[in-house]
There are 2 protein chains.
Amino acid sequence: MNSDFRMPTQADVARLAGVSTATVSRVLNNRGVITPDVRKRVLDSINTLNYIPHAGARALAMQRTGTLGAIIPSLNNAIFAEGIHAFEHTAQQLGYTLILSVSQQDPEREQALVTKMIERGVDGLLLVGNHHDDTVFDRLERAGVRHVCTWAYDEQSRAPNVGFDNATAMHAVVDHLVVHGHRKIAMLAGITEFNDRAADRIKGAQHRLNSHGLSLPDRQVFQVPYSIRESRQALWSAIDSDISALICGNDVIAFGALLEAQKTGLRVPDDLSITGFDDLSLSAEMSPALTTVQVGAASMGDTAARRLVAAVEGKLAVVSAKLDTTLVVRETTGPCTVFNRH
Amino acid sequence: MNSDFRMPTQADVARLAGVSTATVSRVLNNRGVITPDVRKRVLDSINTLNYIPHAGARALAMQRTGTLGAIIPSLNNAIFAEGIHAFEHTAQQLGYTLILSVSQQDPEREQALVTKMIERGVDGLLLVGNHHDDTVFDRLERAGVRHVCTWAYDEQSRAPNVGFDNATAMHAVVDHLVVHGHRKIAMLAGITEFNDRAADRIKGAQHRLNSHGLSLPDRQVFQVPYSIRESRQALWSAIDSDISALICGNDVIAFGALLEAQKTGLRVPDDLSITGFDDLSLSAEMSPALTTVQVGAASMGDTAARRLVAAVEGKLAVVSAKLDTTLVVRETTGPCTVFNRH
DNA sequence: CTGAAAGCGCTAACAA
DNA sequence: TTGTTAGCGCTTTCAG
């Protein structure tokens, strides 16, 4: 690392090209009209000096940074990774850079990260879920940072949403199961603390079952971390009661349940129907292929980025987008064969 | 969005507290000694004004941003997501913010992204693999941005490495297979264009096989994208020759091969042994559980962040770290039962 | 221990 | 069409 070497600045470029810094700035930002000859001289100087503008200085002078922030619960969850991948891709395409932080579902950490994002001057911010500390929204609104909550959709939410209704998404699952004759159903849900999506999925399943004259009592809802290992164990609690179908909070949980079921000789779907949520790419490939809910994480990330940028550049409010989910029926669900065990 | 509202600045805080901005800056950065009373007044003012410092301005005045950059090929690959998750976690812990960009294995895009990173003034940058455009390193060195290449380890590399030797990592796989009597082996490798890790894994397997007096001719090496679907198809090309073992470039490819093998009634490992690379969390859980190479993506991300920060704060060069890989023998490999098919 | 003032690199009026 | 001149918000000598 050559120690005391100064990166060339706009002033250096200006000097070399024999123009003012204002002119350099102009050609850099395509502002105003510039004599072809001058523009060429500037461009040449930039090249020979290997000049790279200083984003911090620019951010100070203009009122924007050209960055989009995202605070997500985790990256070790393929579905978030997929959503962020798309978000970054679109952001990049629109000329924005991504600043990414992981909250680990910790509200305090999230709050601190939001402040960090404001410090960094992100032009827009993506959040996951609608459940956030009030101060999060207060700060964001106060700072005038456009933001959007994803992975959820609720008309009542304080912030704009780009996502789907987790509760409603469960309706199709329940209907599918009920139509196939399932009456006793359990659920391996995600952990609901600080996770409104997981909670909504439970509520959605329960309500829909109720409307069919059935029920999913709380004691048949088991909260498990999004981990295959832990999900395998949870299967045992779930099948203690003689259920014929198992609704899982997401695909990873479903993988665990399926693997464990297979290992113990339980036939899926003959002895037990299993459903997932997310439709990871693996879900279609495994065998039996997983019946699950497709959420379109990629298009969610893409849409979130577009709406955010549109709002920033148009100086408007972010407009919400309600995304659809679709039940993908595959091989882990089938007709209920009652009295199958016990 | 309240339109023309100005975020409170340090000057506002100073005014309210009845001190100079210099003093505010001092308490903010714990520099020098400050009278307790003054400190309290400043802190109070900060609170009542909800003052949030401006990172851009600070970056301009100091010579650092408190950000770490990372440019990775993709996020839709669980192993990269895991590595970045750890990188971000450690960075956050050390007080740094992550700026993340995805290159999609495109050298031109990568080059542009590196420039973007320099613009943003990242204090350190994580790259994947050792194969990068010369201008990438030129620019980075010129700008004095510490950087580290991960997911690879090569004494000869131009940049510091935090990673493992992909070629050597294959030795254990080959040895394991050979010891079990396998002689005819094929490989489903990753696509080697712009991917030195994939290429090294092939070379590693070939060399080691050679040293056993065996060989892995190029025509038995099939390059496939890191996708289950595509890998399934590739299996057919591979087993055309009557091999008894299949080395896969990573776990995802192995999943595909395994799934397809099972589907067609090929018994694993009796009819065909299969190995992976990465040791994704799923690999241990599936059945048969996958024999694979554990790479410790998390500790790689963690170490990369620490080394980068140490170099930045100590004004030193980044020091490389050679990480170990370990073969995890599970159930997809077994003794060779020759003449098993055809 | 604290304040005044210069300046980090860039953009945006305002003149010319 | 281009140059001059203020800042943008913060840190940092240098005085006091």
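Which residues' amide hydrogens lie under 5 Å from the amide hydrogen of B:PHE222, considering only partners 5 or more residues apart or on another chain, with H built in the peptide plane?
B:MET187, B:LEU188, B:ALA189
Compute the label-point distances linking B:PRO288 to its equivalents in the other copies; points lie 7 Å from Cα along Cα→Cβ; give nm, one decimal, shortest first.
B:PRO288 label point versus its equivalents elsewhere: 2.5 nm.
Between rounded, prolate and oblate, where does segment B:160-236 land on the alpha carbon gyration tensor, with a ≥ b ≥ c its root eigenvalues, rounded for a/c under 1.5, else prolate if a/b exceeds b/c?
Values: a/c = 1.90, a/b = 1.09, b/c = 1.75.
Oblate shape, in that a/c is at least 1.5 and b/c is the bigger or equal ratio.
Would you work out if segment B:166-295 is rounded, prolate or oblate? Take a ≥ b ≥ c from the square roots of the eigenvalues of the alpha-carbon gyration tensor; rounded if a/c is under 1.5, else prolate when a/b is larger than b/c, oblate otherwise. Don't skip to the answer; put the middle values down first.
Details: a/c = 1.29, a/b = 1.16, b/c = 1.12.
It comes out rounded by the Cα gyration axes.
To the nearest 10 degrees, how steeply does helix B:166-179 sit against the main Cα axis of chain B, on a 0 to 90 scale?
30 degrees
List the lysines whose Cα sits under 17 Å from the Cα of A:LYS203, skipping any in the same chain fewer than 8 residues away.
A:LYS184
Need the C-alpha centroid separation for segment B:195-245 versus segment A:181-256, integer Å.
What the calculation gives is 42 Å, centre to centre.
What's the exposure ranking of A:VAL42, B:VAL33, A:VAL309, going from fewest to most Cβ atoms within 10 Å? Before the final figure, lay out the partial values.
On the way: A:VAL42 25, B:VAL33 6, A:VAL309 21.
So the residues, fewest neighbours to most, are B:VAL33, A:VAL309, A:VAL42.
Could you tell me what percent of the DSSP beta bridges with both partners in the protein assembly as shown are antiparallel, to the nearest 5? If you can, show how the numbers build up before the last one.
Values: 9 of 71 bridges.
Of all bridge pairs located within the protein assembly as shown, approximately 15 percent are antiparallel.
Helix-only estimate, please: 222 nm mean residue ellipticity of the protein assembly as shown, summing -39500 (n - 2.57) across DSSP H runs of length 4 or more and dividing by its residues, to the nearest 500. Present the calculation step by step, with values, prior to reporting the outcome.
Details: 26 runs with 309 residues, N = 684.
Calculated at 222 nm, the ellipticity per residue is -14000 deg cm²/dmol.
Would you mind working out the magnitude of the charge dipole of segment B:166-295 relative to its Cα centre, with +1 at each Lys and Arg C-beta and -1 at each Asp and Glu C-beta, to the nearest 20 Debye? Before the final figure, lay out each step's value.
Details: 11 positive and 15 negative charges, 44 e Å.
Roughly 220 debye for segment B:166-295.
So how strong a dipole does the protein assembly as shown carry about its Cα centre when Lys and Arg Cβ are +1 and Asp and Glu Cβ are -1, to the nearest 20 debye?
Details: 66 positive and 74 negative charges, 377 e Å.
Computed about the Cα centre, the dipole is about 1800 debye.
Against the longest principal axis of chain B, how steep is helix B:134-143, in degrees 0 to 90 to the nearest 10, with axes from Cα atoms?
20 degrees
Hey, got the dipole for chain B? About the Cα centre, +1 on K and R Cβ, -1 on D and E Cβ, debye to the nearest 20? Don't jump to the answer; show the numbers that get you there.
Numbers: 33 positive and 37 negative charges, 227 e Å.
Result for chain B is approximately 1080 debye, rounded to the nearest 20.
What shape does the protein assembly as shown have by the C-alpha gyration tensor, where a ≥ b ≥ c are the square roots of the eigenvalues, rounded means a/c under 1.5, and otherwise prolate means a/b greater than b/c and oblate the rest?
Values: a/c = 2.22, a/b = 1.32, b/c = 1.69.
Since a/c reaches 1.5 but b/c is at least a/b, the shape of the protein assembly as shown is classed as oblate.
Need one number: nm distance between label points at A:LEU316 and B:ASP270, each 7 Å from Cα along Cα→Cβ, rounded to one decimal.
Each label point lies 7 Å from its Cα, and together they span 6.5 nm.
Kindly state, to the nearest 0.05, the FRET efficiency for A:ILE34 paired with B:SER215, given R0 = 60 Å and r defined as their beta-carbon distance. Please report the intermediate quantities before stating the final value.
Values: r = 63 Å, r/R0 = 1.05.
After rounding to 0.05, the efficiency reads 0.40.
Return the distance in nm (one decimal) between the two label points of a simple spin-label model at A:ARG15 and B:ASP106, each offset 7 Å from Cα along Cα→Cβ.
3.8 nm
At 7 Å along Cα-to-Cβ for each site, give me the label-to-label distance between B:ALA61 and B:THR326 in nm.
5.0 nm
Using the charge dipole of segment A:117-272 (Lys, Arg: +1 at Cβ; Asp, Glu: -1 at Cβ; taken about the Cα centre), state which of A:GLY204, A:ILE239, A:VAL136 has its Cα farthest towards the positive end.
A:ILE239
In peptide B:78-85, how many Cβ atoms from other protein chains are near each Cβ within 10 Å, on average?
5
Taking the Cβ of A:CYS248 as the centre, find all other residues whose Cβ is under 14 Å away and add up their charges (Lys, Arg: +1; Asp, Glu: -1).
Values: positive: A:ARG197, A:ARG201, A:ARG232, A:ARG330; negative: A:GLU230, A:ASP251, A:GLU260, A:ASP278, A:ASP279.
Value of the local net charge: -1.
In Å and on Cα atoms, what radius of gyration and Dmax does segment B:10-62 show?
In order Rg, Dmax, the Cα atoms of segment B:10-62 give 10.5, 30 Å.
So how do A:MET7, A:MET170 line up by other beta-carbon neighbours within 10 Å, fewest first? Please report the intermediate quantities before stating the final value.
On the way: A:MET7 16, A:MET170 28.
The order, fewest Cβ neighbours first, is A:MET7, A:MET170.
If you take the charge dipole of the protein assembly as shown about its Cα centre, with +1 on Lys and Arg Cβ and -1 on Asp and Glu Cβ, which of A:PRO335, A:VAL268, B:ILE52 is farthest toward its positive end?
Farthest towards the positive end: B:ILE52.
State the Kirkwood hydrodynamic radius of chain A in Å, one decimal place, computed from all pairs of distinct Cα atoms. Don't skip to the answer; put the middle values down first.
Details: mean 1/r = 0.0442 Å⁻¹.
It is 22.6 Å.
Give me the distance between the Cα centres of segment B:60-99 and segment A:2-73, rounded to whole Å.
Each part's Cα centre sits 26 Å from the other's.
Work out the mean other chain Cβ neighbour count within 10 Å for the residues of A:51-61 and drop it here as an integer. Working shown, then result.
Values: counts 0, 9, 3, 7, 11, 13, 5, 3, 7, 8, 2.
Counting other chains' Cβ atoms within 10 Å and averaging over A:51-61 gives 6.
Give a residue-ordered list of calculated ³J(HN,Hα) values for segment B:237-249 (Karplus: 6.51 cos²θ - 1.76 cosθ + 1.60, θ = phi - 60°; whole Hz; x for Gly, Pro).
5, 5, 7, 4, 6, 7, 8, 10, 9, 10, 9, 10, x
Counting Lys +1, Arg +1, Asp -1, Glu -1, what net charge surrounds A:ASP154 among other residues with beta carbon under 14 Å of its beta carbon?
Numbers: positive: A:ARG158, A:ARG197, A:ARG201, A:LYS203, A:LYS322; negative: A:GLU155, A:ASP165, A:ASP196, A:ASP200.
Within the 14 Å Cβ shell, the charges total +1.
Just going by the charge dipole of chain B, with Lys and Arg at +1 and Asp and Glu at -1 on Cβ, which of B:VAL178, B:ALA11, B:VAL295 is farthest out on the positive end?
Projecting each Cα onto the dipole axis, the largest value belongs to B:ALA11.
Using a 7 Å offset from Cα along the direction of the beta-carbon, what are the separations from A:THR21 to the same position in each other copy, nm, ascending?
1.6
For B:VAL173, B:VAL295, what ranking results if the residue with the fewest other Cβ atoms within 10 Å of its Cβ goes first?
Working: B:VAL173 28, B:VAL295 24.
In order of increasing Cβ crowding within 10 Å: B:VAL295, B:VAL173.
Shielding by partners for B:248-255, please: the mean number of other protein chain Cβ atoms within 10 Å of each residue's Cβ.
Values: counts 0, 0, 0, 0, 2, 0, 0, 3.
Counting Cβ atoms of other protein chains within 10 Å of each residue's Cβ and averaging gives 1.
FYI, it's all coordinate maths here, none of it is from the lab. Note that this is a predicted model, so its numbers are computed, not measured. Note that we place each Cβ from the backbone using ideal geometry, even for glycine, and neighbour counts take in every protein chain shown.
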